[in-house]
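Colleague: The structure is given below, and queries will be raised subsequently.
The values are calculated or read from the model by the stated rules, or taken from the named source; none is laboratory data. These numbers were taken from a predicted model, which means no experiment stands behind them. Backbone-built Cβ (ideal geometry, glycine too); neighbour counts: all protein chains shown. Heads up: the accessible areas ignore ligands, DNA and RNA and are worked out on the full protein's heavy atoms, side chains in. Shrake-Rupley method; radii C 1.70, N 1.55, O 1.52, S 1.80 Å.
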Amino acid sequence: MKIILTNDDGIYSPGILTLKKALTSFGAVTVVAPDVQKSGVGHTITFSHPLRVREVSVNGDFIGYGIDGSPADCVKLAVREVMKEKSDLLVSGINIGANVGINVLYSGTVAAAIEGALLGIPSVAISLEISESLPDIHGAADIAKNIISHIINKELPRGTLLNVNIPHISKDKIKGIKITKQFSGDFDEHYEKRADPHGVAYYWLAGTGWPKIDVVGTDMHALKDGYISITPLRYDLTDNAFLEEVEAWGWDK
């Protein structure tokens, strides 16, 4: 099995290095990831400058290819140039921080998996919820490995990816797995207005907490309730339920 492994936290993130070790039992793992932190870039792709690829080693050991681009760039280059052949699976993660609800629109981790699905590769995004204590990356990698071992024996429809979120609690306290919908409400966020040394105002996104309203059956609710959340996602954003009504509005030239 040929596996592409990427993320948006950067190629030096402990999440991607730990997950690579966990996935080697399934086959050949090729890491192609941003060479710096790229969280929150969404599905950005690079047109404005050339992309450079460099081999990355840690303590003398080759770990993969670093790209000075976005996670979506990494997937495109992995498929078109680095691998030069069809891969059997694309895994994006382990992201440090949950990607639930509206966050999937901003997440580079999820965007990488979407790009893989667009290219016809079975794709999975893996994220670990964070809290005040240090994240258990090794425990999350074990969980991810078990989930992926189940996924590789199944078939994902072309264009569909699985978005996996792991709660930040010890493995023995996780209640199980729930298949969920994406929470569609907004998050509690605000900006802090500050001033630089010259007295010029700037703004810092400060409030990114959970929304006050929770919905049973969603990714956010499962995570808060101590379950691993698995949500099937598709990249088609068409509002099919509203399509016919818009057509009936009378669009005369």
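Colleague: Of the residues that make up the range 39-51, is at least one among the aliphatic types (A, V, I, L, M), in contact (Cβ under 8 Å) with a residue 40 or more places away in the chain, surrounded by fewer than 18 Cβ atoms within 10 Å (Cβ to Cβ) and touching a Lys or Arg at 6+ places or on another chain (Cβ under 8 Å)?
Modeller: Quick first cut of the range 39-51, residues among the aliphatic types (A, V, I, L, M) only: 41, 45, 51.
Keeping just the survivors that are in contact (Cβ under 8 Å) with a residue 40 or more places away in the chain gives 41.
Retained after the next criterion (residues that are surrounded by fewer than 18 Cβ atoms within 10 Å (Cβ to Cβ)): none.
Taking every residue of the range 39-51 in turn, none turns out to be among the aliphatic types (A, V, I, L, M), in contact (Cβ under 8 Å) with a residue 40 or more places away in the chain, surrounded by fewer than 18 Cβ atoms within 10 Å (Cβ to Cβ) and touching a Lys or Arg at 6+ places or on another chain (Cβ under 8 Å).
Colleague: Out of 142, 172, which single residue is in contact with a Lys or Arg (Cβ under 8 Å, 6 or more places away or on another chain) and outside any loop (DSSP other than H, G, I, E, B)? Quick ask: steps written out before the conclusion?
Modeller: On the way: 172 fails: in contact with a Lys or Arg (Cβ under 8 Å, 6 or more places away or on another chain).
Just a single option satisfies the conditions, and that option is 142.
Colleague: On to the next question. Residue 100 passes all but one of (1) part of a strand (DSSP E or B); (2) touching a strand residue (DSSP E or B) at 6+ places or on another chain (Cβ under 6 Å); which number fails?
Modeller: Residue 100 satisfies all of (1) part of a strand (DSSP E or B); (2) touching a strand residue (DSSP E or B) at 6+ places or on another chain (Cβ under 6 Å) except (1).
Colleague: Now for a separate question. Which of the residues spanning the range 59-91 are open to solvent by 30 Å² or more (accessible area, probe 1.4 Å), touching a strand residue (DSSP E or B) at 6+ places or on another chain (Cβ under 9 Å) and in a loop (DSSP other than H, G, I, E, B)?
Modeller: The answer is 68, 85, 86, 88.
Colleague: Within the range 108-139, restricting attention to residues that are of a type in the set (D, E, K, R) and part of a loop (DSSP other than H, G, I, E, B), which residue is nearest to residue 95 (Cα to Cα)?
Modeller: Quick first cut of the range 108-139, residues of a type in the set (D, E, K, R) only: 115, 129, 132, 136.
Narrowing further to those that are part of a loop (DSSP other than H, G, I, E, B): 129, 132, 136.
Working: 129: 9, 132: 16, 136: 12 Å.
Step by step, filter the range 108-139, then rank; the result is 129.
Colleague: Kindly establish whether residue 117 is touching a His at 6+ places or on another chain (Cβ under 7 Å) and closer than 21 Å to residue 219 by Cα. Before you say what the answer is, go through the steps one by one.
Modeller: On the way: touching a His at 6+ places or on another chain (Cβ under 7 Å): no; closer than 21 Å to residue 219 by Cα: yes.
The answer is no for residue 117.
Colleague: Could you please give the count of residues in the range 95-147 that are at positive phi and within 14 Å of the chain's Cα centre (by Cα)?
Modeller: Initially, the range 95-147 is screened for residues at positive phi, giving 97, 101, 120.
From what's left, within 14 Å of the chain's Cα centre (by Cα): 97, 101.
The number of residues fulfilling the criteria is 2.
Colleague: Considering the range 83-95 alone, what residues qualify as being modelled with pLDDT of 95 or more and either among the basic types (Lys, Arg) or within 20 Å of residue 38 (Cα to Cα) (or both)?
Modeller: Residues satisfying the conditions are 90, 91, 92, 94, 95.
Colleague: Let me ask you something else. Go through the range 212-253 and report how many residues are among the hydrophobic types (A, V, I, L, M, F, W, C), under 21 Å from the mean Cα position of the chain (by Cα) and open to solvent by less than 50 Å² (accessible area, probe 1.4 Å).
Modeller: Taking the range 212-253 first, the residues among the hydrophobic types (A, V, I, L, M, F, W, C) are 213, 215-216, 220, 222-223, 228, 230, 233, 237, 241-243, 246, 248-249, 251.
The next check asks that each one be under 21 Å from the mean Cα position of the chain (by Cα); those that pass are 220, 222-223, 228, 230, 233, 237.
Filter once more, keeping what is open to solvent by less than 50 Å² (accessible area, probe 1.4 Å): 220, 222-223, 228, 230, 233.
So the answer is 6.
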